[in-house]
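The values are calculated or read from the model by the stated rules, or taken from the named source; none is laboratory data. Quick caveat, the model's predicted, so the values are computed rather than measured. Quick reminder, even Gly has a Cβ in these numbers, built from the backbone with ideal geometry, and neighbours come from all protein chains shown.
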Amino acid sequence: MKKQITLMIILISSIIFGQSNIGSVKLGLFNPSATDAGFIIGYEGGWYIDSHFFAGWSVDWFNKNYVDQTLVQQFNNFYGLNGTLNELRAKTNLHAIPIMGSMTFSWPVGPRTNAFVTGAAGVEALLIFYRNYENPDNDEFHGAFDFAWQLGGGVAYELGRRSDVLFELDYHNSMPSWDYSVSDPQTGRTKVFERQFDMSGIMMRVGVRFYF
């Protein structure tokens, strides 16, 4: 079911892209459960259906270098306590790229000011650079994907006839995962760990929207 929904969203988004007459650049802070908070940048395009409602698509980029403490604990529990080395083994460089279709409804709340609510759904891609267990100075690469959705709202202030400045607060939800097989050369023990990346969290962003 998720695959069917995702394919439908991608198809709709490709149609939207061809008819786009709105563009928004958004910058802000994202605080997912899997990592510490960090900078996020995104672009949203779309077209107006009427004066208060528009549909569109969006793509964002979030990058974080961190130590996966859940993986450290799993290494310690299975292979024995070796905190410093296992922390090095659990170093992760994560790039999150959600691509979603969206719908937004707005209404006036004051002079040149509109409030809005927005919802989106699509696919989240994670590009993960992690450390080799046997040689933790070496990087490995893996990709993970999951269904993603987002709900939020904010306020937009009219700068001119063709531009707004906006403040937006969103809740984002997805949990990509993949299996990670580790062999310990000293003990000969092999174990498959499931690495889950809970990318659910709050986004707080400001941006500029253009009409063309």
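For region 40-58, taking the residues that are farther than 15 Å from M199 by Cβ and hydrophobic (A, V, I, L, M, F, W, C), the one that is surrounded by the most Cβ atoms within 10 Å (Cβ to Cβ) is identified as W57.
Being part of a loop (DSSP other than H, G, I, E, B), at negative phi, modelled with pLDDT of 90 or more and within 17 Å of the chain's Cα centre (by Cα): is that true of A96 here? Judged against the criteria, A96 is not a match. Just so you know, in region 111-144 the residues that are at pLDDT below 95 and farther than 22 Å from F75 by Cα include one that is surrounded by the fewest Cβ atoms within 10 Å (Cβ to Cβ), and it is P111. Give the residue that is nearest to S183 (Cα to Cα), with candidates limited to residues of region 92-110 that are touching an Asp or Glu at 6+ places or on another chain (Cβ under 9 Å) and surrounded by fewer than 18 Cβ atoms within 10 Å (Cβ to Cβ). Selected residue: N93. Restricting attention to region 145-174 and to residues that are of a type in the set (A, V, I, L, M) and surrounded by fewer than 17 Cβ atoms within 10 Å (Cβ to Cβ), the residue that is nearest to M103 (Cα to Cα) turns out to be L151. The condition of being surrounded by fewer than 18 Cβ atoms within 10 Å (Cβ to Cβ), outside any helix (DSSP H, G or I) and among the aromatic types (F, W, Y) holds for W61.
What about D146, is it within 18 Å of the chain's Cα centre (by Cα) and under 25 Å from F30 (Cβ atoms)? Against the criterion (within 18 Å of the chain's Cα centre (by Cα) and under 25 Å from F30 (Cβ atoms)), D146 qualifies. Quick check: is even one residue across region 117-128 more than 19 Å from V206 (Cα to Cα), hydrophobic (A, V, I, L, M, F, W, C), touching a helix residue (DSSP H, G or I) at 6+ places or on another chain (Cβ under 6 Å) and free of Cβ contacts under 8 Å to residues at least 60 places away in the same chain? The answer is no; no qualifying residue exists.
Consider T104 carefully, then state whether it is free of Cβ contacts under 8 Å to residues at least 60 places away in the same chain, hydroxyl-bearing (S, T, Y), out of contact with any Leu (no Cβ under 9 Å at 6 or more places or on another chain) and more than 19 Å from F197 (Cα to Cα).
Working: free of Cβ contacts under 8 Å to residues at least 60 places away in the same chain: yes; hydroxyl-bearing (S, T, Y): yes; out of contact with any Leu (no Cβ under 9 Å at 6 or more places or on another chain): yes; more than 19 Å from F197 (Cα to Cα): yes.
Yes: the conditions hold for T104.
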